[in-house]
Amino acid sequence: MNPLAWIDDHTPFPHPSKALPEGLLAVGGDLSIERLTEAYSQGIFPWFNEGDPILWWSPDPRMVLACADFRVARSLDKKLRQIARGDHDARAPVQIRINTAFVRVIQACAEPRGNVAGTWISPQIQAAYHAWHKAGHVHSIETWMDGELAGGLYGVSLGRFFFGESMFARVSDASKLALAYLVLFLQREGIRHIDCQQQTSHLASLGARPMDREDFLALLGDALQHPSPRWPKGRLLADGQLAPLPALTP
């Protein structure tokens, strides 16, 4: 078994193949934009509890959603068709937007769920990803209903790859609506895969599948050879286009 690597702010990451069987690769370092970019570019991500040292992971297998495999239940498909009919209506009651409420989205994702009191999305994580958001690589996809934030998700965009981080919903299916519109946007921009990190039955129900680490890293390496798409603030449309909000709102 490989020994666990302890790193400082400038120590290069070990190769992901050096991770322990559960996926833990290294401990320590910081959450600077440079460090996070280095990590994600190598298929590594931070995941740790508040008060603990930073833990870096590269699980094998890796849960990945191919955009072409995204599955939509019949009830959700009906909602999507209803929303699409109001795409160009500035007063449509349901709208999917990008990057108009990032701080609120990540804070909502950090809220306790069910009987689970804690969260890995600590203030330290929120501050780090907010800084990365302002640098243009972390984005929120938001479902708005009657002018209120009803659900959404946030994630990292590097090259032609999207790394999903967390979702939340205050209204049934609100996060799934955001994901469905995200998939349409990514496909339009030539991005074919979403990293989902950990295996769950919920992700599997949406079409995500486990992938060997070696295959995942090859897929990621190819995607990073291309530039990232632009992610300006705006409203997502059913054809995957991003429309500027000022043109759609009074």
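The values are calculated or read from the model by the stated rules, or taken from the named source; none is laboratory data. Since this is a predicted model, take the numbers as computed values, not measurements. Note: ideal-geometry Cβ built from the backbone for every residue, glycine included; neighbour counts use all protein chains shown. Heads up: the accessible areas ignore ligands, DNA and RNA and are worked out on the full protein's heavy atoms, side chains in. Shrake-Rupley method; radii C 1.70, N 1.55, O 1.52, S 1.80 Å.
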Selected residue (criterion: farthest from VAL183 (Cα to Cα)) from residues of segment 213-250 that are charged (D, E, K, R) and open to solvent by less than 50 Å² (accessible area, probe 1.4 Å): ARG213
Any hit, segment 5-19, residues being farther than 21 Å from ALA218 by Cβ and buried (at least 17 other Cβ atoms within 10 Å of the Cβ): yes
Failed condition for GLU50, given (1) modelled with pLDDT under 95; (2) assigned to a loop (DSSP other than H, G, I, E, B); (3) farther than 16 Å from GLN126 by Cα: (3)
In segment 168-186, the residues that are among the hydroxyl-bearing types (Ser, Thr, Tyr) and within 20 Å of ARG113 (Cα to Cα): SER172, SER175
Given (1) part of a strand (DSSP E or B); (2) under 23 Å from GLU189 (Cα atoms); (3) open to solvent by less than 40 Å² (accessible area, probe 1.4 Å), number of the condition TRP56 does not satisfy: (2)
Hey, GLU38 of a type in the set (D, E, K, R), assigned to a helix (DSSP H, G or I), under 25 Å from THR119 (Cα atoms) and open to solvent by 20 Å² or more (accessible area, probe 1.4 Å) or not: yes
Segment 62-82, subset assigned to a helix (DSSP H, G or I) and farther than 14 Å from LEU182 by Cα, residue most open to solvent (accessible area, probe 1.4 Å): ARG74
Residues (more than 30 Å from ARG81 (Cα to Cα) and either part of a helix (DSSP H, G or I) or free of Cβ contacts under 8 Å to residues at least 12 places away in the same chain (or both)) located in segment 213-246: ARG213, GLU214, ASP215, PHE216, LEU217, ALA218, LEU219, LEU220, GLY221, ASP222, ALA223
Segment 20-35: number of residues that are open to solvent by less than 60 Å² (accessible area, probe 1.4 Å) and outside any loop (DSSP other than H, G, I, E, B): 7
ALA208 at negative phi, aliphatic (A, V, I, L, M) and out of contact with any strand residue (DSSP E or B) (no Cβ under 8 Å at 6 or more places or on another chain): no
Filter result for the condition that a residue is more than 18 Å from PHE163 (Cβ to Cβ) and aromatic (Phe, Trp, Tyr), over TRP47, TRP6: TRP6
Qualifying strands (runs of 3 or more DSSP E) (wholly inside segment 102-212; at least 1 residues being buried (at least 23 other Cβ atoms within 10 Å of the Cβ), within 16 Å of the chain's Cα centre (by Cα) and touching a residue at least 40 places away in the same chain (Cβ under 8 Å)): 138-145, 148-158, 161-169, 193-197
Given (1) at pLDDT 95 or above; (2) in contact with a strand residue (DSSP E or B) (Cβ under 9 Å, 6 or more places away or on another chain); (3) surrounded by 16 or more Cβ atoms within 10 Å (Cβ to Cβ), number of the condition ASP87 does not satisfy: (1)
Answer from LEU177, LEU245 - the residue that is touching a strand residue (DSSP E or B) at 6+ places or on another chain (Cβ under 8 Å) and within 18 Å of ALA108 (Cα to Cα): LEU177
